[in-house]
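These notes concern the structure reproduced below.
The values are calculated or read from the model by the stated rules, or taken from the named source; none is laboratory data. Predicted model, so just to flag it, every value in this text is computed and none were measured. Heads up, the Cβs are rebuilt from the backbone with ideal geometry, glycines too, and the neighbour counts pull from every protein chain shown.
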Amino acid sequence: MMVSKILKSGVVALGFAGVTASSVSAQDIILGHVMDQEHIFHKVSEQFIERLDELSGGSMSVSYHPGGDLGDWTSIVEQVAQGAVQMTMSWNHSELDPRWDVSVLGYVANDWESGKEVYGPGSPMNDVYNGIMNDLGMELLGTIPTDFTGFVVRKGVDVPVNFPADAEGFKMRVPGMPMAIERYKATGFSAVPMAFSEVHTALQTGAIDGRAYSPPSEVLLFKDVLSAYVFTRENFEHTFWTANKRWFDGLTEEQQGWVKTAADEAVTWAWDNAEAESPKWFEQIEAAGIEVIELTPEQLEAYRAKVVDVEYPYMEGIIGAEVMGEIKKAAGVE
């Protein structure tokens, strides 16, 4: 998809109309994302901003916009692809390229160590991701780990643990990507594509019964309406720190070195420290009165089998047999 086709009205609404990567000074870097100060995005951003200031002697400054004040996360990704914003941290935006959904493929990593080997700094997947980013006009600065994921359940409905039987009639919010719909249909749910900004209200009104792809750090966003968190560990959530490629390529070699060094150090910190954050989130979830449920080995294997059976052939058709062969090897899937 050509980058010119993905600029949307959000750029104009935010006052960035007419701004391109080439017209913004190398010293003026806009970094925006949608998460609050408790999220790892914020901690990584702070480290990057401080280190870049040190390396550049103050010649490269960052205009930092957390909390979504530049728009929702998909809009900010599109602004980065176009060049109106220089950097963001985001999830896979499969509407721009369906290959990006390979990042949420189920049950590839079994633990944090394997997650880092498959998705972390220097991993083969980083080269795959950067190829996708380059095609969209972006440069991958690194991947940021979040945690394994599960799904949340609103108050007043039964918690499904046997699949697909228990999931019948359960309205599960999924992001608007085809693979998500296939996963939750296969496991018995009624998949409801919906924007993240609408999830809280939909849980309150009963328009949906749960939200899929939830890492522990995001459960408390909906704590007032939840009864349970089912920790299926179905995929290892990692996110993407991207920069506009035209802007990055226009930097001097020295400036590129400063940006890459500062980003590499911040990303390395994230991979070294994110795992230690996980137990803290579970303590807060339980303190909020939300039950944490883990599937029995038998329930988990049944759930895993359904996810793998539907997703792996689907993704192989999109990303190719060679890449999928490496992923299957990492996941221990024949």
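The table that follows gives values for the structure above.
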| read-out | value |
| --- | --- |
| Yes/no for Val219 being in contact with a Ser or Thr (Cβ under 9 Å, 6 or more places away or on another chain), touching a residue at least 24 places away in the same chain (Cβ under 8 Å) and crowded, with 18+ Cβ neighbours inside 10 Å | no |
| Criterion (without any contact (Cβ under 8 Å) to a residue 24 or more places away in the chain and more than 28 Å from Glu316 (Cβ to Cβ)) met by exactly one of Asp158, Asp209 | Asp158 |
| Residue in the stretch 46-56 that is in a loop (DSSP other than H, G, I, E, B) and either in contact with a Pro (Cβ under 8 Å, 6 or more places away or on another chain) or in contact (Cβ under 8 Å) with a residue 40 or more places away in the chain (or both) present | no |
| Count - residues of the stretch 178-223 that are among the polar types (S, T, N, Q), in a helix (DSSP H, G or I), touching a strand residue (DSSP E or B) at 6+ places or on another chain (Cβ under 9 Å) and farther than 28 Å from Ala276 by Cα | 1 |
| Lone unmet requirement of (1) surrounded by fewer than 20 Cβ atoms within 10 Å (Cβ to Cβ); (2) under 25 Å from Glu294 (Cβ atoms); (3) in contact (Cβ under 8 Å) with a residue 60 or more places away in the chain for Phe151 | (1) |
| Residues within the stretch 190-206 that are closer than 14 Å to Thr74 by Cβ, free of Cβ contacts under 8 Å to residues at least 24 places away in the same chain and not hydrophobic (A, V, I, L, M, F, W, C), tallied | 2 |
| The stretch 65-86 residues that are charged (D, E, K, R), paired with ones that are assigned to a loop (DSSP other than H, G, I, E, B) (beta carbon under 6 Å, 6 or more apart) | Glu78/Ile6; Glu78/Lys8 |
| Evaluation of Tyr107 against (1) free of Cβ contacts under 8 Å to residues at least 40 places away in the same chain; (2) touching a Lys or Arg at 6+ places or on another chain (Cβ under 9 Å); (3) not β-branched (Val, Ile, Thr) (one fails), failing number | (1) |
| Only one of Val308, Val259 that is touching a residue at least 60 places away in the same chain (Cβ under 8 Å), in the same structural domain as Arg183 (by TED's automatic domain parsing) and not aromatic (Phe, Trp, Tyr) | Val308 |
| Qualifying residue in the stretch 84-99 (condition: in a loop (DSSP other than H, G, I, E, B), on the phi > 0 side of the Ramachandran plot and assigned by TED's automatic domain parsing to the domain that holds Leu31) | no |
| Residue match in the stretch 253-260 (condition: surrounded by fewer than 22 Cβ atoms within 10 Å (Cβ to Cβ), in contact with a Leu (Cβ under 8 Å, 6 or more places away or on another chain), assigned to a helix (DSSP H, G or I) and among the hydrophobic types (A, V, I, L, M, F, W, C)) | yes |
| Residue identified as among the aliphatic types (A, V, I, L, M), crowded, with 20+ Cβ neighbours inside 10 Å, within 27 Å of Glu286 (Cβ to Cβ) and out of contact with any Ser or Thr (no Cβ under 7 Å at 6 or more places or on another chain) among Leu136, Leu203 | Leu203 |
| Qualifying positions in the stretch 14-53 - farther than 12 Å from Asn244 by Cβ, hydroxyl-bearing (Ser, Thr, Tyr) and at pLDDT below 95 | Ser25 |
| Residue match in the stretch 91-113 (condition: within 11 Å of His33 (Cα to Cα) and surrounded by fewer than 22 Cβ atoms within 10 Å (Cβ to Cβ)) | yes |
| Candidate set: the stretch 295-325, residues that are charged (D, E, K, R) and surrounded by 14 or more Cβ atoms within 10 Å (Cβ to Cβ); chosen: the one nearest to Tyr107 (Cα to Cα) | Arg304 |
